[in-house]
């Protein structure tokens, strides 16, 4: 039995969708979640900057004696994972990109897969590379959808505004390009904010497109990883410690929507990285 916590970090509150899936998958584990709210968003920053921030967040969580690290940020997973694994070479580390890519390849019949994410995630090409590595026949259409992040954080996740912006981005992949290139049959939500907008996305792409939520697939992979390295099977209920680098009140207010339960400001500890 290993009662050490699982560390989870993101640039802000988006990774709480991953934490939510982790708690559902691993209801007896302890977690330490760090949101680097003072320096978000990661998605518009250079790969070098994101890697530096990610290493600092991993270092902070490692100080809590974690048994596993989950990089619950698509941008950090896309560019910073190799550096984290090299620095912490005895610690199991898992990101959200590889599980999402694997699930997309398994779900797609045609091999035409669409990926949406932040500018940094799409520009870095990690999803595209991971999908093509698994399926040689894959055709990947990738598009940044930055306004989705703001919508999720403002709570505008359903209704006319959310659906209009979803159509603004996704019609190019799922409507106008259809005649020329064929329609993707699978869509990867390549940002931890995007599961909040799943309803608006579904209304835009239609009922026949398979939507892959990397939060859920990552949680499953973490469970498998813990069992394989003998770090699972703990007793008790899930315990979560919240850390942020700025704005405990905003973290609690916005994060409550992402986590699906109330977070009180006094539950959020502030740290410097």
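Under the simplified labelling scheme, the residue 3-residue 137 pair shows an inter-label distance of 5.1 nm, with each label point 7 Å from Cα along Cα→Cβ. The residues 196, 143, when put in order of fewest to most other Cβ atoms within 10 Å, stand as 143, 196. When each of 188, 161 is scored by the number of other beta-carbon atoms lying within 10 Å, the sequence from fewest to most is 161, 188. Under 18 Å from a label point 7 Å along Cα→Cβ of residue 158: give me every residue in the range 200-232 with its amide N that close. It comes to 200-207, nothing else. Seen from all directions on average, the range 98-214 presents a Cα convex hull projection of 6.4 nm².
Please find the FRET efficiency linking residue 106 to residue 203, where r is the Cβ-Cβ separation and R0 is fixed at 25 Å, and quote it to the nearest 0.05. E(calc), rounded to 0.05, equals 0.50.
Fewest-first ordering of 98, 163 by other beta carbons within 10 Å of each residue's beta carbon gives 163, 98.
Taking 0.36 nm per residue of separation and subtracting the current Cα-Cα distance, fully stretching the chain between residue 175 and residue 273 would add 30.8 nm.
In this label model, residue 52 and residue 167 are separated by 4.4 nm, measuring between points 7 Å along each Cα→Cβ vector.
Using only Cα positions of the range 58-113, each an equal point scatterer, no hydration layer, compute I(q)/I(0) via Debye at q = 0.13 Å⁻¹ and quote the log10 values to two decimals. Each listed q maps to, in turn, -0.40.
Under 20 Å from a label point set 7 Å out along the Cα-to-Cβ vector of residue 224, the amide N atoms of the range 43-78 belong to 68-74, 77-78. The computed Rg/Rh (Cα atoms, Kirkwood Rh) for the structure shown corresponds, within (1) 0.96; (2) 1.03; (3) 0.94, to (1).
Which of 175, 186, 245 ends up with the largest GNM mean-square fluctuation for the chain, with Cα atoms connected below 10 Å? Of the options given, 175 has the highest mean-square fluctuation. The distance separating the Cα centre of the range 51-75 from that of the range 189-234 comes to 20 Å. For the pair the range 102-138 / the range 1-32, the C-alpha centres are spaced 25 Å from each other. Once both labels are positioned 7 Å from their Cα atoms along Cα-to-Cβ, the gap between residue 262 and residue 241 label points is 2.4 nm.
Of the peptides 5-15, 34-44, 79-89, the order by per-residue mean of other Cβ atoms within 10 Å, starting with the highest, comes out as 5-15, 34-44, 79-89.
The numbers here are math on the coordinates, done by the rules we state, and not lab data. The model shown is predicted, which means the values in this text are computed figures rather than measured ones. Don't worry about glycine lacking a Cβ; one is built from the backbone with ideal geometry, like all the others, and counts go over all protein chains shown.
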